[in-house]
Every structure is written in C-alpha cells, then in structure tokens.
1. Taking segment B:1-45, which residues are under 28 Å from A:Val279 (Cβ atoms), without any contact (Cβ under 8 Å) to a residue 24 or more places away in the chain and surrounded by fewer than 14 Cβ atoms within 10 Å (Cβ to Cβ)?
2. Go through the residues of segment B:164-187 one by one and say whether even a single one is facing chain A (nearest Cβ under 10 Å), under 23 Å from A:Ala78 (Cβ atoms), of a type in the set (A, V, I, L, M, F, W, C) and touching a residue at least 24 places away in the same chain (Cβ under 8 Å).
3. Only one of (1) in a helix (DSSP H, G or I); (2) more than 7 Å from chain B (Cβ to nearest Cβ); (3) more than 23 Å from the chain's Cα centre (by Cα); (4) of a type outside the set (Lys, Arg) is not met by A:Ser186, so which one is it?
4. Just to be sure I understand the filter: pairs with C-beta atoms under 7 Å, separated by 6 or more residues or on different chains, first member in segment A:548-566 and within 7 Å of another protein chain (Cβ to nearest Cβ), second member in a helix (DSSP H, G or I). Which pairs pass?
5. Of the residues A:Gly462, A:Gly438, A:Gly446, only one is closer than 30 Å to A:Phe369 by Cα and modelled with pLDDT of 95 or more; which?
6. Within the set of pairs 6+ apart or on separate chains, which have a first residue in segment A:380-392 that is within 19 Å of A:Ile277 (Cβ to Cβ), a second that is of a type in the set (A, V, I, L, M), and C-beta atoms under 8 Å apart?
7. Just name the residue that is farthest from the other protein chains (Cβ to nearest Cβ) out of those in segment A:214-235 that are surrounded by fewer than 24 Cβ atoms within 10 Å (Cβ to Cβ) and assigned to a strand (DSSP E or B).
8. Among the residues of segment A:34-52, is there at least one that is of a type outside the set (Ser, Thr, Tyr) and without any contact (Cβ under 8 Å) to a residue 24 or more places away in the chain?
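The values are calculated or read from the model by the stated rules, or taken from the named source; none is laboratory data. All values reported here derive from a predicted model rather than from experimental measurement. All Cβ positions, even for glycine, are placed from backbone atoms using ideal geometry, and neighbour counts span all protein chains on display.
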Amino acid sequence: MDSNTSASILDAAIPEGPLAEKWSRYKSHAKLINPANKRKYSIIVVGSGLAGGSAAATLSELGYQVKCFCFQDSPRRAHSIAAQGGINSAKNYQNDGDSVWRLFYDTLKGGDFRSREANTYRLAEVSLQIIDQCVAQGVPFAREYGGGLANRSFGGAQVSRTFYARGQTGQQLLLGCYQALEKEISKGGVKMYPRTEMLDLVMVNGHAKGIVVRNLITGEISSHAADAVILATGGYGNVFFLSTNAMGCNVTAALRAYKKGAFFANPCYTQIHPTCIPVSGDYQSKLTLMSESLRNDGRVWVPKSREDAAKIRRGELKATDIPEDSRDYYLERKYPSFGNLAPRDISSRSAKEACDDGRGVAKTGLGVFLDFSDAIRRLGKDKIAERYGNLFQMYEKISGENPYEVPMKIYPAVHYTMGGLWVDYNLMSNLPGLHVLGEANFSDHGANRLGASALMQGLADGYFVIPATISNYLASQKPGSVNTAMSEFRQVEQEVKERIDTLMTVQGKRSVDSFHRDLGMLMWHNCGMSRTDAGLREALQKLPGIREAFWKDVRIPGRADGMNMELEKAWRVADFLDFAEVMCHDALTREESCGAHFREEHQFTEEDDVVRNGYTNPGEAKRHDDLFCHVSAWEYKGPGVDPVLHKEPLVFDEVPPSVRSYK
Amino acid sequence: MNLTLKVWRQSGPQATGHIETYAAEDIPEEASFLEMLDIVNVGLIEIGAEPIHFDHDCREGICGACSLTIDGIPHSKETGVTTCQLHMRKFSDGDTIWIEPFRARAFPVIKDLMVDRSALDRVIAAGGFVDVRTGSAPEANAIPVGKETADAVFDAATCIGCGACVAACRNASAMLFTGAKVYHLNNLPQGQEEKDQRVLAMVRQMDAEGFGDCSNHFECEAVCPKGISVDVISKLNRDYAVAVAREGLAD
C-alpha cells in the first residue's frame with residue numbers, strides 16, 4: 001500500500017499566529033462577498049441536524065440562496081434530536097476555573113492527541129457564542145432559582161461546563177435550530193426538500209457544484225446545482241447495523257463524495273458509548289443509549305466471581321443477593337480519581353473486559369450493573385427521580401425492570417464516529433467547493449469525543465464557522481456558473497438510475513436487513529471495541545463476499561418509481577459495504593492504540609515505565625506518537641483497488657502530547 | 001407470541017386503501033412494536049410482497065417520526081409512549097391488533113401507514129420562532145429566566161411534533177401542537193416582541209392547513225407521548241384573543 005506525507009495534497013490551511021489569535025485573525029482577513037452579491041450565490045446544504053440546520057439558517061440570514069435537503073419527513077427529525085446529556089461551553093458561570101484554554105485542552109487530551117490543535121481551539125472559543133445564540137432563540141436550558149443558567153459536570157470533566165435541558169438537550173437545541181430554519185424558509189431564503197435523499201455528488205471542472213437526489217415519495221431522480229455544496233450528513237455508526245443511531249443514519253453522502261475524490265479521514269475512530277441498554281435478541285433493530293449523566297450517581301459493577309455472575313445470568317441470584325465484598329466496582333478500583341466518570345472509551349473497554357472474563361450479568365453475558373442504590377440511600381428517591389426520572393422511565397419501558405429497585409444493566413454500543421471526510425481549517429474538503437460539517441467531518445474530536453461535545457461542534461460549525469469561511473471559497477467563483485442542463489449532471493443522473501435499476505433487477509431471496517446484519521456482526525467483532533491485525537485482515541477478506549452476495553441475492557419488492565423503503569435501505573447498505581473496507585484498512589494500518597481505537601497488540605504492560613511508576617495501568621491504550629501522530633486521509637482508487645493513504649502530520653505547538661491517564 | 005394484524009394498506013396517495021390481515025408469528029415479548037412489524041416485513045419481503053410502509057427513525061421516542069394508530073388510539077392505549085417505545089409484552093398471545101395511519105384531513109396518506117405531516121412545519125414557519133439573527137445574541141445570562149418559568153415552558157417545549165394530538169381529535173385540531181409552541185415562546189422574555197404576531201400567524205396557518213377547532217374533549221392530552229397539558233390550549237386562546245383585540249385597535 002502506498003502512502004504519502006504530503007503537505008501539498010493535504011494543506012490544512014491553518015492561519016498564522018498564536019493559537020489563541022488564529023480564529024480572530026482569520027476572520028479579520030477572510031475574503032468577503034458584498035451584501036448585494038450574496039443573493040447571487042446559491043449553496044446546497046445536505047442534512048438538517050444541528051450542523052446542517054444551523055448552517056442553512058445562518059447562510060440564508062446572510063443573504064445566500066440556500067437549498068436544504070433531508071431524508072426525514074421534516075428537518076426537525078434529524079438525529080441530533082436524540083442527544084440527551086448536554087452541550088459544553090467555556091462560560092465559567094460556575095466560577096470553578098474553566099476557560100477557553102481548559103476546554104480546548106480537555107478536548108484535545110480527551111481525543112488522545114489525534115485532533116488538529118487549531119480546529120479544537122476554535123471549537124472551544126466559539127462555544128461561548130453558541131450558548132448566547134441558543135438562549136436568544138428561546139432554548140429552555142436548565143436554570144437556577146435566581147434565573148441564571150445551570151450547569152453540570154459531564155463525561156469526566158473536572159469543571160461544571162455542561163449546559164443542559166433535562167435529558168433532552170439535543171432535542172431542544174435542534175428545535176431552536178429548526179425554528180430558525182423554518183423562519184428562513186418562510187422568508188424565502190431557504191428552499192427545503194424533505195423526504196429527499198442525496199444519492200451522488202456532481203463535480204464540474206474539479207469543483208463540487210451539485211448533487212443528484214431521489215424524491216423518496218415519487219422516486220423521481222433529479223439534479224440540483226449550486227456554487228458550493230455543504231454536507232452535514234452525520235456519522236456512519238450504522239455500519240455496525242446495531243448502534244444508537246437512528247434507523248436512517250447512513251454514510252451515503254460521505255461515501256459518494258469519497259468516490260468522487262474527497263479524502264476520508266480516520267474512519268477507524270468509532271466511539272462506543274458505555275451506557276446503553278444491552279442487546280436482548282436477534283430481532284433487535286437498534287440500541288438505546290442511556291445518558292452518561294447516569295454515571296454521576298450510578299456505580300458500575302460486576303460480581304467478583306464468575307460463579308456468581310453465571311447464577312445471575314441463569315436467574316438463580318439477583319443483584320441484591322450479592323454482598324458488598326463480593327462485588328467488583330471495577331471503574332472505581334482501576335481509576336480511583338475518576339471512578340465511574342472515566343472517559344467513554346475507557347469505561348466501555350472495562351465493561352468488555354469484565355464480560356470477556358465471564359463476569360457479565362445480562363442473559364447474553366454482555367451486560368454490567370449500573371447501580372443507584374447508594375445514591376438513593378444518600379439523596380433519597382425523589383432527588384434521583386428529579387435528576388434521572390425520564391431516563392429511569394425509558395429504561396423501565398424497554399427492559400421491563402424498575403431501576404429504583406434493581407440495578408440497571410448496561411453494555412457499550414456504537415454511538416458516534418469521530419472519523420469523517422477530511423476538511424481543512426475552512427471546513428472545506430480536498431475537493432474545492434465541498435464543505436463538510438458536524439459529525440460528517442473528522443477534525444475536532446481526534447480519536448475519542450468527550451461527552452457534550454458533539455452538540456457543541458455541530459452548532460459551532462453551522463452557526464459560526466462555515467458562515468465565516470465559505471465566502472473565502474465563493475469569492476473565487478463566478479456565481480451561477482453551473483446549471484443542471486450541463487452534461488456532468490446528466491451523466492451522474494444516468495449512473496444513479498443505472499444503479500437503482502441494477503438493485504431492482506437482482507430479485508434474489510434475502511432482505512436488505514439480513515445483509516446489513518451480516519456486515520454489522522463482522523464489523524462489531526473484527527473492527528469494534530478492540531481490534532487485532534488478524535481480525536482486521538479477516539474482515540477485509542470476508543467483506544467482498546458479503547458484498548457479492550448482496551448484489552446477487554438481495555430482494556427489493558415493489559417499484560423504484562414511488563415510495564420504496566427497501567430500495568432506500570438497499571442503496572444505503574450497498575454504500576456501507578463499500579465503506580467498511582476503507583474503515584478496516586484504516587484500523588489495520590494504524591498500528592497503535594489511541595482513544596476509541598484499541599489495537600490489542602498495543603497496550604501498556606508491566607514492562608513500561610509509566611506502569612511501573614504507577615502513572616497508568618497495564619492494558620491501557622498505548623499510542624506511538626513517533627509513527628502515528630497524523631491524520632490518515634484515504635483516497636479512493638476505484639473498485640477492487642486498495643485505497644491510498646495520505647498523512648497530514650499533527651503538530652502540537654501548545655500542548656505536547658502526553659500519556660493520557662485517568663487513574 | 002402469535003398475533004393477528006389488521007393493517008391499513010394503501011399503495012399511494014391517490015389509491016384506495018383497505019385493511020389486510022397478517023399473521024405475526026413467534027414474536028418475542030421483548031421486541032418493540034416496530035420490531036414486530038420488522039419481523040412481519042421480512043416475511044413479506046421473502047415471498048416478494050411489498051413490506052408494510054411506516055415512518056420511524058430514532059426508535060427511542062424523541063424524533064416524532066413514528067405515527068401508528070393502534071387499536072384505534074394514536075401510539076396505542078399505553079400512556080406517555082410513542083409507538084416505537086411500545087413493547088410487545090403489553091400484548092397477549094392470540095391478540096388481534098388493528099394498525100392504521102394517523103388520520104386527519106391535513107395529513108394525507110403517502111403510503112400504507114405513512115402520512116404527510118408537513119402542515120405542522122408550515123405552522124411553525126408561520127411564527128413558531130424568535131427572530132434573532134445568528135451572532136446578534138446578547139450574553140446568555142443577561143436574560144434571566146426564573147426556574148419555575150423555565151420548567152413550565154420546558155413542559156410545553158418537549159413536544160416532538162408527531163401529530164398524535166391531531167389524529168386523536170374528532171375535529172383533527174392542531175391546537176395542542178400549536179398551543180405548546182406558543183406557550184413555550186410567548187412565556188419567555190425572548191419571545192415577547194413577537195408575541196401577538198406569532199400567535200396570529202400560527203393560528204391562521206393552522207386554519208389554512210385544514211386543522212379543525214378544539215371542542216374540549218382533551219383526547220389530545222390523553223395520547224400525547226410527552227404528556228403536554230391542555231392548559232396550553234387555554235393559553236393559546238387567551239393570547240390569540242388579546243392579539244386579535246390589539247390588532248383591531250391598531251387598525
């Protein structure tokens with residue numbers, strides 16, 4: 001496999017100057033478009049979640065003509081809505097020592113020094129404005145009695161910087177953003193296309209200038225041209241079939257862009273969230289996240305002995321039958337200073353270790369206890385109900401068990417993907433004109449995202465970054481220079497129609513979901529919470545087989561010229577099958593452990609100084625900064641050909657990488 | 001468990017619909033209602049029949065996409081749940097379950113159990129927002145909101161826009177939906193400037209979309225998966241009356 005370290009191919013376009021001044025300097029010198037000319041430029045925004053919705057609304061406010069697309073029936077249903085816990089901001093309202101620098105540092109360290117310093121700093125800086133904006137829109141954040149905004153500590157942070165709206169922060173932020181979008185729709189600045197899915201990207205003279213879409217109601221294929229294209233299409237967690245993502249979340253937009261030449265960066269960084277409701281059977285369609293805020297008061301444990309665990313699995317013992325000294329509160333034991341609040345990747349891996357050791361407590365063996373009995377004794381049931389009432393209720397609905405009386409059972413599940421399309425400081429991919437926001441890009445979270453940072457990034461990108469950076473690109477473009485009558489559009493439309501025809505004519509025997517399950521199972525076992533060279537090679541060997549079987553034996557009833565949900569799923573799964581390969585290549589070549597990417601061959605042992613001197617534990621992720629302190633950006637080279645790796649070196653001027661210890 | 005399903009099938013917006021009978025066999029009681037339909041659909045796909053179409057996405061009760069009328073009640077007889085959060089343990093072996101779309105004049109059927117609820121988006125677009133330009137917001141803590149007000153508006157803001165309130169109403173009224181948004185924004189200091197204009201525009205759009213009036217049966221509150229109180233309808237009526245009066249005075 002070839003690989004390049006080439007600044008010319010991957011120019012991150014980071015502005016000069018000290019870290020803390022880069023963004024303000026950038027804004028002072030960015031090219032502008034005068035107000036009278038803005039309306040001549042059109043911009044396509046794909047996705048209407050926090051990143052896409054806020055970008056579409058704000059760009060329209062600025063005067064651009066915006067077209068916004070979503071596959072859901074309304075922009076309000078984008079998956080950002082499901083985020084529970086909160087949004088970080090360095091407001092320091094708690095006077096507990098927070099600052100932009102500290103939020104930046106925590107995010108960089110949390111990402112295990114695999115994110116771009118300048119982008120992460122900007123994210124922390126912009127976090128201040130986000131809260132102002134959301135409050136002005138009427139987002140009902142939690143308040144103190146005096147009327148000020150309340151905060152909580154979240155996801156291992158040592159300051160209280162998380163703003164929240166009960167357990168529905170994502171919903172309230174998205175509704176704020178959706179209302180801003182509807183306001184612009186009513187004013188005519190945004191034309192909204194719900195139930196419309198982007199199926200491919202259109203390039204004109206090397207620039208991204210449009211998309212081909214399918215109207216999901218009529219099945220009609222059509223083209224849309226614009227002066228720039230923005231993808232805010234979320235993550236690819238559903239490559240695992242089971243995840244906490246909504247059923248419709250998919251990689252199609254990003255994968256089609258990749259096939260048109262956009263580089264896919266760090267696809268192996270996939271976050272496994274530690275607190276989800278365990279899988280209960282084969283029929284299962286998705287996994288439900290329980291907010292990690294539960295770890296503020298819940299204690300995670302499994303029995304010390306395998307025998308006790310086996311009896312619990314068989315229903316012969318209950319959690320409450322296990323005496324205190326026979327319980328292993330493994331997070332508190334291994335990470336005394338962070339305890340149950342250890343970062344997501346660490347908590348998830350510890351749960352897997354306990355279950356792999358035969359001490360899991362769910363029927364399937366894959367589950368650990370999250371126990372509130374101490375907190376209920378200490379604070380009273382009412383206080384716990386006030387903090388987590390809706391989550392407890394949700395748990396009871398799904399599991400049929402009452403968490404006030406018996407401990408919850410939880411297990412890690414795929415939740416968020418840090419990898420995404422490569423972008424520079426402008427949030428523009430290597431394809432001129434193609435901009436990528438939110439979870440769909442790769443830049444801010446490194447190898448692991450901290451809790452309450454996804455909402456922050458989506459809104460930072462959409463409300464504040466892209467409105468300031470897109471003019472840099474547009475200023476070099478003559479407005480309205482492309483239209484859908486051009487041959488480039490005809491050709492992509494033709495390709496899309498042919499692919500649909502191919503899918504419809506297979507008429508095999510198996511449902512789309514059955515292939516998706518096969519793919520998900522393979523990826524979960526071989527490219528999931530922990531990875532090995534052999535496992536990844538095996539996955540790469542098996543993937544073509546699943547793909548061939550899919551194209552030979554998939555069955556899509558009905559017609560393509562109308563609503564057909566099997567066809568929609570089939571297109572997405574076909575893209576997941578292709579995407580899985582680049583993900584495995586990335587995981588295979590990154591021969592280190594960092595953040596959420598854990599390679600079993602690379603962990604600290606008793607031989608390492610940092611273990612001997614007590615700084616970290618054996619079994620923790622071992623980075624190799626000398627070899628892998630870079631972004632891995634993959635270039636598509638055609639079907640059946642291995643992708644080519646390009647490396648963007650990561651340079652840390654302000655914070656030299658250190659071993660991440662949460663002990 | 002084994003069940004008999006009576007499902008509304010309609011091939012397209014213009015087509016005539018009908019009830020079709022299906023056997024749902026070997027359904028685990030841990031499965032959700034939508035997972036039960038997934039199982040039935042796999043069976044249909046394998047024999048080359050078109051699967052039952054229904055809207056769904058997050059499957060955790062927050063996106064508002066799922067929209068089934070189960071045994072005559074939107075989101076089923078269970079209180080405080082969306083269809084996706086309903087689990088089969090609530091049914092018994094041998095049950096017959098009737099599954100229909102959310103029915104309302106303003107929600108035309110697209111296919112089978114899927115309906116077009118874009119009328120609700122247009123009600124929001126008419127005025128369900130605070131007109132604040134990105135970047136122009138004052139410092140967040142410069143707008144104090146008392147905890148009680150914040151909690152009360154939150155209860156209204158929690159609406160997921162599923163439309164069950166409309167489907168449950170004999171008049172297909174969207175007053176609970178509209179009232180919830182008006183309550184949320186009109187009771188916050190941020191929403192005061194556009195208070196009258198908001199309620200007038202939203203109510204007029206609601207009427208234009210073909211939603212009916214409220215006749216105080218409160219079926220909407222009973223089916224709302226988020227438990228939004230009909231008090232928001234009284235508040236909507238009051239705000240509307242005041243706004244109409246002020247509009248009259250201004251003329």
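1. B:Ala23, B:Glu25
2. Yes, segment B:164-187 contains a residue that is facing chain A (nearest Cβ under 10 Å), under 23 Å from A:Ala78 (Cβ atoms), of a type in the set (A, V, I, L, M, F, W, C) and touching a residue at least 24 places away in the same chain (Cβ under 8 Å).
3. Against the list (1) in a helix (DSSP H, G or I); (2) more than 7 Å from chain B (Cβ to nearest Cβ); (3) more than 23 Å from the chain's Cα centre (by Cα); (4) of a type outside the set (Lys, Arg), A:Ser186 comes up short only on (2).
4. So the pair list comes out as A:Arg555/B:Ile45; A:Pro557/A:Glu566; A:Pro557/B:Ile45; A:Gly558/A:Glu566; A:Glu566/A:Val512; A:Glu566/B:Ile45.
5. None of the other options fit; the residue is A:Gly446.
6. A:Ile384/A:Ala375; A:Ile384/A:Ile376; A:Tyr388/A:Leu294; A:Leu391/A:Met290; A:Leu391/A:Leu294; A:Phe392/A:Ile384; A:Phe392/A:Ala385
7. Checked segment A:214-235; the qualifying residue farthest from the other protein chains (Cβ to nearest Cβ) is A:Ala225.
8. Scanning segment A:34-52, I find at least one residue that is of a type outside the set (Ser, Thr, Tyr) and without any contact (Cβ under 8 Å) to a residue 24 or more places away in the chain, so the answer is yes.
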